[in-house]
Amino acid sequence: MAAILGSSPMHHRRSTFHRMAVTGVALAAMTSGAGIPAATAAAAASRPSAASVAASFDPAPMRGLLARLPDPVVTSALVKVSGDGPGTPWTGAAGKVPRDAHFRIGSVTKVFTSTVMLQLVAEHRIAIDAPVRRYLPDLIPYEYRTVTVRQILDHTSDLPAPAGIPGPADGPGWWLKSIAPQDVVGKAFAAAAAARRGTSRPPRPGSIQQYNGVNTFVAGLLVEKVTGRSFKDELDRRIIRPLGLRSTSLPSADDTSIPAPHARVRVGTDEVTEQSPWAWAEGGMISTATDLDRFMTALFRGRLLPPAQQKLAFTVPHVPSAPANKNCINGTSCFSAGGLMRIKLDNGTTVWGKTGSRPGWTNGTFVTSDLKRRVIYSINPTGTASELPYVLAIINTAFADSPDPAVSADTSTPATAYGTAGAREHAARQWERSAAG
C-alpha cells in the first residue's frame, strides 16, 4: 500500500517506487463505494456488526506473522492494534525496529493537511466551493480557474500529474534530493501544457476522481497564503501541540534526519534512512504508532473539526473513479475530502484510514468508525519484491472477525476471503512465498 495510495505523488511514474503501487492496488480491490458515514464518529453510519470484528483481539496470529521477519523482502515491522475490547492495546515488532520507533509516514500526512484545511474552512478563511485560483492566482493557470477547494481535497480537481520530482533516475543520492513545493506544482502544470500542445482537451474538474499528490501540495500552499504563516507552523499550532503529539513533526526542507529511535532502512543497496522530506504537506511528516493512534482517535471523536466540517471529512464524492486510477475499483470513488480512504471489507466491516510510504517505509492506519478497532503499521521493505502479502496479512489479522472463526475461505481470492481465518492463512502463505523469492 504505498505510492499509489501512499506516499508522494509519484504514482504517475515508473521507478523504484512502482513496486509499492502493487500493494495499493490490492488493498483498493476491497474498496466499497457504497455509503457515506454521518458527520461524526459517534453517529457514523458504517459501524461494524458483532460478527464483523471480534470483541477481543487475539494477538497470537499477529505474533506468528511478525515471527517470520526479517527476510529478504521486509527487514522489520512494527504493528500497534488498539480498541475497546480485551487484548488491546497491543504492540508487536520484528527485526531491528523499536516498538516506539519513529517512521516517515508518507501520504498519511494528507490527513493532517486536509484537517488543517477544513479548520480554515470552519473559520471562514477559505470557502470550500471557491475557486482555488481566487487565493493562488500566480500559481494556478487560468485554464484551471474553475477548480475549487473541495475538488483539490477530494481529488476531483483534474489537476495535472506530478513532473520533475526526485527519484532514482536522478542518480546516486537521489533520496537526498529536494524540490520546493511551488516547483512541484509549477512543473506539473508546465509538463501538462507541453503534452497538451496541439490538442483541445480542457480540464474537467468535478467529473472524475483521480488520486493526485499535486492536489495536496496546492492545499499546503493555500494554507500558507491565507494564514500568512508556514504550513509547518500551522500544523504545529493546530494539531501537533494541542494533541500533545510529541513524536510527530514536519521536518524543514533541509533536515534529512529522523529522530531516534528508528529503523535503519535500505532500498536495494542504498541506505536511505536519512532522506529529503521534500514531499512536505503531501507526504513529508514523521511520527510514531502511538501518536498516529492519538491523532486518528481525536479526529474521529470530533475533537479537531466542528460538525459541518467533520461531515466533509468523511464525504466521498459521487463521481466515477478515473480509469487510470489504481486506488478504487468498480468505477467508484473511495477518497474523502478529509484525506481519508474508505474500505469495506468482505466481512462487512467498513474501515477508514490512509496508507503512506517513503523510500524504505510502507505504513498505514485504519480504524472502524466507532474506534473499537484500530491498527497502525510500519514495515520496512527492501524493494526486492512486493510487500503486498505482508500488508494484507497485517490488516486482515487486525480486523479478524473472530479469534477462531469456523469459516472456510476461498483462498484463491484473498479479497473475498478478507477477514476470515482462511484469508489469514492465505496471506501467510503468500508471505512465505515472497520471502522465498
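The values are calculated or read from the model by the stated rules, or taken from the named source; none is laboratory data. Since this is a predicted model, take the numbers as computed values, not measurements. Every residue, glycine among them, receives a Cβ derived from its backbone with ideal geometry; neighbour counts consider all protein chains shown. Just so you know, the surface numbers come from the protein's heavy atoms only, side chains and all, with ligands and any DNA or RNA stripped out. Shrake-Rupley method; radii C 1.70, N 1.55, O 1.52, S 1.80 Å.
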Going through the stretch 189-232 in order, the residues found to be surrounded by fewer than 17 Cβ atoms within 10 Å (Cβ to Cβ) and polar (S, T, N, Q) are Thr199, Ser200, Ser207, Ser230
Scanning the stretch 110-136 for residues that are among the charged types (D, E, K, R) and buried (at least 21 other Cβ atoms within 10 Å of the Cβ) gives Lys110
Out of (1) under 27 Å from Asp183 (Cα atoms); (2) over 16 Å from the mean Cα position of the chain (by Cα), the one Pro307 does not meet is (1)
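Which of the residues spanning the stretch 174-217 are assigned to a helix (DSSP H, G or I) and of a type in the set (Val, Ile, Thr)? I'd like the intermediate steps shown before the answer.
So the first thing to find is which residues in the stretch 174-217 are assigned to a helix (DSSP H, G or I), and the list is 174-176, 181-196, 213-217.
Those that are assigned to a helix (DSSP H, G or I) and of a type in the set (Val, Ile, Thr): Val184, Val185, Val214, Thr216.
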Note on the stretch 237-280: residues open to solvent by 30 Å² or more (accessible area, probe 1.4 Å), part of a helix (DSSP H, G or I) and without any contact (Cβ under 8 Å) to a residue 40 or more places away in the chain are Arg237
Reported set for the stretch 68-109 where residues are at pLDDT 95 or above, in a loop (DSSP other than H, G, I, E, B), among the aliphatic types (A, V, I, L, M) and surrounded by fewer than 22 Cβ atoms within 10 Å (Cβ to Cβ) is Ala101
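Across the stretch 320-342, which residue is nearest to the chain's Cα centre (by Cα) among those that are at pLDDT below 85 and either open to solvent by 30 Å² or more (accessible area, probe 1.4 Å) or among the β-branched types (Val, Ile, Thr) (or both)?
Result: Lys326.
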Given (1) open to solvent by 20 Å² or more (accessible area, probe 1.4 Å); (2) modelled with pLDDT of 95 or more; (3) within 15 Å of Gly364 (Cβ to Cβ); (4) not polar (S, T, N, Q), Val25 misses just (2)
Apart from one, (1) surrounded by fewer than 24 Cβ atoms within 10 Å (Cβ to Cβ); (2) closer than 30 Å to Gly360 by Cα; (3) in contact with a helix residue (DSSP H, G or I) (Cβ under 8 Å, 6 or more places away or on another chain); (4) not charged (D, E, K, R) all hold for Leu139; the odd one out is (2)
**Study point:** Flag if Asp58 is at pLDDT 90 or above and more than 24 Å from the chain's Cα centre (by Cα)
**Key:** yes
Scanning the stretch 336-391 for residues that are in contact with a Pro (Cβ under 6 Å, 6 or more places away or on another chain) and not charged (D, E, K, R), the one farthest from Phe217 (Cα to Cα) turns out to be Thr349
